[in-house]
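Notes follow once the structure below has been shown.
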């Protein structure tokens, strides 16, 4: 059974078509790079998968829209699906006046059946030396780690990271890349980025959206030049 199965997904906002007949499957475990030019529909797709946005009526004749996450139908059981997902949006919504440990304990309180202890979560993302500090005192890289930690609080089977490495320095990039690759061994991760070299470095599969449609869905091992392939899809 795939981790994510999407069939004939459409999204319209007023008269504008954002997603057009999108279909794909993602395997269990591994890191999937979600790519596309600005306006391609990446953020819209992620917001639908986490239950923030509803889908539009299916426009494919004789077909029905399907959005399954870990075997659960999103359209019928959105709350159950949300319990299986961790989400880090592009704008990391942290309470900067709170201490790291205090904030993560607060977040874990939202999951009565949490698998991890707070200290285990802190160790998973390498925050041991920063846990006593206020979030507002942290560097951008450590704030991103806090955001990833809160997304992991419910031990999600699907982790969605929207531009998690924006603004990081080279050392922070390497550390976050290593963390994401490690997390991807035990869950499916959708990793959105505009930085093609990092996608090629850490992802197992590539999904490219172009003008609201799937332009490419392929294992990274089958791609020799991602940058050229991306350009061909965007400009072709």
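The values are calculated or read from the model by the stated rules, or taken from the named source; none is laboratory data. Note that this is a predicted model, so its numbers are computed, not measured. Note that we place each Cβ from the backbone using ideal geometry, even for glycine, and neighbour counts take in every protein chain shown.
Overview of values
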| read-out | value |
| --- | --- |
| Every residue from segment 165-184 that is under 22 Å from residue 108 (Cβ atoms) and either at pLDDT below 90 or out of contact with any strand residue (DSSP E or B) (no Cβ under 8 Å at 6 or more places or on another chain) (or both) | 176, 179, 182 |
| Residue that is farthest from residue 16 (Cα to Cα), among those in segment 199-220 that are touching a strand residue (DSSP E or B) at 6+ places or on another chain (Cβ under 9 Å) and in a helix (DSSP H, G or I) | 202 |
| Residue in segment 71-88 that is over 14 Å from residue 4 (Cβ atoms), within 18 Å of the chain's Cα centre (by Cα) and at pLDDT 90 or above present | yes |
| Positions within segment 115-124 being in a loop (DSSP other than H, G, I, E, B) and buried (at least 17 other Cβ atoms within 10 Å of the Cβ), in sequence order | 116 |
| Residue list for segment 187-198, restricted to those being under 14 Å from the mean Cα position of the chain (by Cα) and either farther than 17 Å from residue 163 by Cβ or not in a strand (DSSP E or B) (or both) | 187, 188, 193, 194 |
| Sole exception among (1) touching a residue at least 40 places away in the same chain (Cβ under 8 Å); (2) farther than 30 Å from residue 96 by Cβ for residue 233, by number | (1) |
| Single residue of segment 125-149 satisfying the filter (touching a residue at least 12 places away in the same chain (Cβ under 8 Å) and surrounded by fewer than 16 Cβ atoms within 10 Å (Cβ to Cβ)) that is nearest to residue 68 (Cα to Cα) | 140 |
| Lone unmet requirement of (1) out of contact with any helix residue (DSSP H, G or I) (no Cβ under 7 Å at 6 or more places or on another chain); (2) surrounded by fewer than 19 Cβ atoms within 10 Å (Cβ to Cβ); (3) within 19 Å of residue 96 (Cβ to Cβ) for residue 219 | (3) |
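Quick grid of which residues meet (1) within 23 Å of residue 31 (Cα to Cα); (2) without any contact (Cβ under 8 Å) to a residue 40 or more places away in the chain:
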position	(1), (2)
95	no, no
113	no, yes
151	yes, no
170	yes, yes
175	yes, no
179	yes, no
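Residue by residue, here is whether (1) under 20 Å from the mean Cα position of the chain (by Cα); (2) farther than 24 Å from residue 97 by Cβ holds:
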| site | (1), (2) |
| --- | --- |
| 121 | yes, no |
| 134 | no, no |
| 137 | no, no |
| 142 | yes, no |
| 147 | yes, no |
| 150 | yes, no |
| 156 | yes, yes |
| 169 | no, yes |
| 173 | yes, yes |
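Yes/no matrix, rows are residues, columns are (1) touching a helix residue (DSSP H, G or I) at 6+ places or on another chain (Cβ under 6 Å); (2) outside any loop (DSSP other than H, G, I, E, B); (3) surrounded by fewer than 20 Cβ atoms within 10 Å (Cβ to Cβ):
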residue	(1), (2), (3)
156	no, no, no
171	no, yes, yes
182	no, yes, yes
185	no, no, yes
228	no, yes, yes
231	no, yes, yes
